[in-house]
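Below: the structure, in structure tokens.
The values are calculated or read from the model by the stated rules, or taken from the named source; none is laboratory data. From a predicted model like this one, the values you see are computed outputs, not experimental measurements. Note that we place each Cβ from the backbone using ideal geometry, even for glycine, and neighbour counts take in every protein chain shown.
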Amino acid sequence: MSDRQCRARLKAALESLPEKDQKKDLVGNLRQFVQNTAQAGDALEKSFQSARLVQRIFDGAEFRQLQDKAADAARTARACGKKLASDVRVVSKDSFEKQIVAIKDYATAGANSVSDVWQKKLTAHIATYQRIAEAARLARVPGSEPLEGALNDLRTRQGVLPCDAADAAKLAKKVVGVAETIQNLGLTGKPRDFLIAAANGQASARDLDEPTVREWLTRYGLWDILRVSVGQRQ
């Protein structure tokens with residue numbers, strides 16, 4: 001229910017009451033109801049905006065919990081609207097108040113779920129490249145310091161959602177930039193080619209037949225973080 005529709009129903013319900021004193025007593029509760037539902041609606045809309053920004057950075061990110069909570073809030077709000085249209089005095093009942101609290105809780109849970117998805121996506125991205133950065137540092141590979149710096153930069157945003165399109169664009173560039181930094185590492189030969197391909201999810205299982213690649217992965221314990229394809233790399 002939109003804010004305008006809600007106010008219209010409340011006005012009609014109030015006008016149907018003959019007793020002026022009753023109207024006066026209910027105004028405060030009704031005003032609080034409108035304010036709470038409007039705030040919950042605004043919070044959910046903001047959460048959906050944040051979710052869309054996260055998807056610009058991590059394509060394919062899903063926000064099912066946000067969708068579920070928004071649906072719960074909308075369903076409860078519609079139920080409240082119907083009750084008010086039937087008898088505006090219901091706004092003073094404890095059962096009605098509990099529904100209003102539930103709407104607010106749904107909005108809060110929706111917002112928290114967006115933050116959780118963001119943190120998990122960014123943390124997983126950082127963790128993958130952190131292992132590569134550590135291996136490069138231990139191997140004293142030239143170019144490892146910029147990679148560490150790029151990862152540390154991303155860590156500062158783990159608890160901070162992108163705030164607008166410009167911010168999301170900058171973060172997307174940084175996320176992609178971590179993979180690009182791998183290409184600037186001072187590795188040579190087959191290990192370098194494999195690491196670059198693996199960092200971009202394009203390595204082939206056939207590449208593991210190369211002894212120098214296998215030795216490098218074993219030495220620095222990178223087997224469990226690299227994704228390879230069973231097919232031949234194109």
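Structure above, values below:
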{"quantity": "Test: Arg192 is surrounded by 13 or more Cβ atoms within 10 Å (Cβ to Cβ), touching a Gly at 6+ places or on another chain (Cβ under 9 Å) and either modelled with pLDDT of 80 or more or of a type in the set (Asp, Glu) (or both)", "calculated": "no"}
{"quantity": "Spans of helices (runs of 4 or more DSSP H) in segment 1-103 with at least 2 residues at pLDDT 95 or above and not assigned by TED's automatic domain parsing to the domain that holds Gln158", "calculated": "20-57, 64-86"}
{"quantity": "Check on Gln202, in the same structural domain as Asp224 (by TED's automatic domain parsing) and under 22 Å from Glu215 (Cα atoms)", "calculated": "yes"}
{"quantity": "Residue satisfying condition, being among the hydroxyl-bearing types (Ser, Thr, Tyr) and either surrounded by fewer than 16 Cβ atoms within 10 Å (Cβ to Cβ) or free of Cβ contacts under 8 Å to residues at least 12 places away in the same chain (or both), within set Ser86, Ser47", "calculated": "Ser86"}
{"quantity": "Residue match in segment 117-129 (condition: loosely packed, with under 15 Cβ neighbours inside 10 Å, outside the structural domain of Lys69 (by TED's automatic domain parsing), more than 14 Å from the chain's Cα centre (by Cα) and not aliphatic (A, V, I, L, M))", "calculated": "no"}
{"quantity": "Residue check for Val141: assigned by TED's automatic domain parsing to the domain that holds Gln67 and of a type in the set (Val, Ile, Thr)", "calculated": "no"}
{"quantity": "Segment 40-81, subset basic (Lys, Arg) and out of contact with any Gly (no Cβ under 7 Å at 6 or more places or on another chain), residue farthest from Leu122 (Cα to Cα)", "calculated": "Arg78"}
{"quantity": "Complete set of residues in segment 119-158 that are part of a helix (DSSP H, G or I), among the charged types (D, E, K, R) and touching a residue at least 12 places away in the same chain (Cβ under 8 Å)", "calculated": "Lys121, Arg131, Glu134, Glu148, Asp153, Arg155"}
{"quantity": "Where Cys163 falls short, out of the listed (1) assigned to a helix (DSSP H, G or I); (2) at pLDDT 95 or above; (3) surrounded by fewer than 16 Cβ atoms within 10 Å (Cβ to Cβ)", "calculated": "(1)"}
{"quantity": "Subset of segment 195-223 (residues that are at pLDDT 75 or above and either assigned to a loop (DSSP other than H, G, I, E, B) or aromatic (Phe, Trp, Tyr) (or both))", "calculated": "Glu210, Trp216, Trp223"}
